[in-house]
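The values are calculated or read from the model by the stated rules, or taken from the named source; none is laboratory data. Just so it is clear, the structure is predicted and the values come from calculations on it, not from any experiment. Cβ placement follows ideal geometry from the backbone for every residue including glycine, while neighbour counts extend to all protein chains displayed. Side chains included, ligands, DNA and RNA excluded: accessible areas come from the protein's heavy atoms. Shrake-Rupley method; radii C 1.70, N 1.55, O 1.52, S 1.80 Å.
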Amino acid sequence: MNIFLYGTLCHVPLLEQVSDMGVGALAPVPARLADHAVYWAEGEGFPLICAQPGGTAQGLLLRNVTTECRARLDYYELGFGYDLHEVEVTLDESGARETALVYFPQEGLWALGAPWSLADWVREWWPITKHSAREVMRGFGRRDAHENARHFTMIQTRALARALAEKEQIPCTLRANFGLDEIDVTGEEDSHAGFFLLKTYRLRHRRFDGEMSDEMSREVFIPGDAATVLPYDPVRDRVLLVEQFRMGLFGRGDRHPWCLEPIAGRLDGGEDAETCARREAQEEAGLTLSGLEKIISYYPTTGYSTEMLHAFVGIADLPEEGSRLGGVADEHEDIRSHIIAFTRAMELLEQGEINNGPLVMSLMWLARERDRLRGAA
């Protein structure tokens, strides 16, 4: 059977990744579908095709798709709210018409945005999608395709973290200038793939004496990057803390598994840390930040987690002391915010009631920079 592709799978590196076949074997042919057009899904990083009299949807035709290739393409597309429909497409070069299947979006799931641009998608989304597609396709034959859709926000969050890691330029002035080429990975598998991902690696790495280590097996927790923001009012000298139930405390057996923290949240796919910090301040505490002070980006638990935290102090207007409730209901968030004097926050830190690492670090930074911020207010 033939398949006509009109969107992201027209990018050959993604098509090869999803199909597990080289472009030579796939032999895609430029083609078009009349009376249709392709648009961005509003607010998303993927396209939609729809009927449009007089329009033309450009794409690629795959002829005589193998059973295995078809199964992989279906796995990548159908779990995300697409259905296959038969159409007749026209080959660009010869004008010949051929029957093909097309992945059409199910009605009512997304709104149409701007006209689709594959070039724009490659520039903005391919650095992330190459990682998210890899995680999705690792589940082929092992988990239901709809599981990928249910957890896709976190899949994109993890993919964004890998894309950011590829771009980071962190100095090596004291530590060894060892890179990924000093690591020999002999095995890799997803031990658990759900809202969070747990991977098991078998590998050897370069030792400081120049020799290679023995092979070892290590589990790595992969939650994605997050931003934290401690709101501070330099005029009134107040901070806002949030409080919520935390599974980590509960799992350890803490007698009081509710924790005082800065505002925090995962970076959504395509979102930078500053945007995430501002969004989370609005979602968790109803705050619009007038400014952001970057503290640092850091790994809080390097022994077993890939998590990178991007820490900020947010300049905000905090006129009332007290508590309010917030959080996003469909994310099961139950958050109470507290507006308190900076001196009270430092008392809680000294007494040990504040024992959340990102909040400890943010308050210590604020203690150092407080006079500067108050002087500029």
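Going by the alpha-carbon gyration tensor, a ≥ b ≥ c the square roots of its eigenvalues, is the range 291-343 rounded (a/c under 1.5) or, if a/c is not under 1.5, prolate (a/b greater than b/c) versus oblate?
Since a/c reaches 1.5 but b/c is at least a/b, the shape of the range 291-343 is classed as oblate.
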Could you work out how far the C-alpha centroid of the range 31-63 sits from that of the range 265-301, in angstrom? 35 Å
If you average the alpha carbon positions of the range 65-131 and of the range 184-258, how far apart do those two centres end up, in angstrom? 35 Å
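Averaged over every viewing direction, what's the projected area of the C-alpha convex hull for the range 252-364? Give it in nm², one decimal, please. Spell out each step's value before the answer.
On the way: hull surface 33.5 nm².
Result: a mean projected hull area of 8.4 nm².
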The range 185-246: radius of gyration and largest Cα-Cα distance (Dmax), Å: 20.4, 58
Taking amide H atoms as placed 1.01 Å from N in the peptide plane, list the residues 5 or more away in sequence, or in a different chain, whose amide H sits under 5 Å from that of residue 92. 31, 32
Where the accessible area of the range 1-105 is counted over protein heavy atoms with a 1.4 Å probe, how much of it, in %, is carbon and sulfur? 50 percent
What number comes out for accessible area per residue over the chain if the probe is 1.4 Å? Units Å², please. 53 Å²
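Cβ under 12 Å from residue 308's Cβ, residue 308 left aside: what net charge do those residues give with Lys, Arg +1 and Asp, Glu -1?
Numbers: positive: 158, 162, 266; negative: 168, 225, 307.
So the surrounding residues net to 0.
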Nearest 10 degrees, 0 to 90: what angle lies between the long axis of helix 273-285 and the longest principal axis of the chain (Cα atoms)? 70 degrees
The chain: angle of helix 126-138 to the longest principal axis, Cα-based, in degrees nearest 10: 80 degrees
Please give the helix 342-351 orientation as an angle from the longest Cα principal axis of the chain, in degrees from 0 to 90, rounded to the nearest 10. 90 degrees
Cross-link reach from residue 167 to aspartates and glutamates, straight Cα distance under 12 Å and at least 8 residues apart if same chain, gives none
So what's the projected area for the chain, the Cα convex hull averaged over all directions, in nm²? 23.9 nm²
Out of all Cα-Cα pairs in the range 218-287, roughly what percent, to the nearest whole number, are more than 14 Å apart? 67 percent
Loop-resident GluC sites (Glu not before Pro) in the range 37-68 with no more than 15 other Cβ atoms inside 10 Å, DSSP not H/G/I/E/B, are 42, 44
Counting alpha carbon pairs within less than 8 Å and at least 6 residues apart, what relative contact order, in whole percent, applies to the range 220-377? 31 percent
The alpha-carbon pair-distance distribution computed for the range 109-255, with 5 angstrom bins and whole-percent values, is 2, 7, 10, 13, 15, 15, 14, 11, 8, 4, 2, 0
For the range 242-377, give the percent of accessible area contributed by carbon and sulfur heavy atoms, probe 1.4 Å, rounded to a whole number. 50 percent
³J(HN,Hα) across the range 221-228 via Karplus (A = 6.51, B = -1.76, C = 1.60, θ = phi - 60°), whole Hz, x for Gly/Pro? 8, 10, x, x, 7, 9, 10, 10
